[in-house]
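Just below is one structure, and these are the notes that go with it.
No lab work stands behind these numbers, since they all come straight from the coordinates. These figures come from a predicted structure and were not determined experimentally. Neighbour counts run over all protein chains shown; Cβ positions are idealised from the backbone, glycine included.
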Amino acid sequence: MKRAIKGTYVSVEPFHLFRYLDEQAFRFNNRVMNDAERFAHALKGIINKRLTYTALTGSELPQTC
């Protein structure tokens, strides 16, 4: 796992480490697929899912006057 993370990313934030680990687990579990098939499989998993800015960043947008 350490080699996969270091070989793929320049910098890894500890706060987001679980996301990097989830991505590597997905790649490993679907290693028999090529990149295009794996990408299509991932896209099927996000249909009808909504990600808001607040959920992504964990903060509110600053209010402007």
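Quick look at the values:
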| quantity | calculated |
| --- | --- |
| Cut-off 17 Å (backbone N to label point 7 Å along Cα→Cβ of Glu37), residues of region 1-28 | 26-28 |
| Charge dipole of the chain about the Cα centre (unit charges at C-beta), most positive-ward option of Leu51, Ala40, Val10 | Ala40 |
| Nearest-0.05 FRET efficiency for Thr52 and Asn30, computed from C-beta distance (R0 30 Å) | 0.65 |
| Listed peptides 41-50, 18-27 by packing density, highest first (mean Cβ within 10 Å) | 18-27, 41-50 |
| Rounded, prolate or oblate (a/c below 1.5 giving rounded, otherwise prolate when a/b exceeds b/c) for the chain by Cα gyration tensor | oblate |
| Lys, Arg +1 and Asp, Glu -1 on Cβ, resulting dipole of the chain about Cα centre, debye, nearest 20 | 260 |
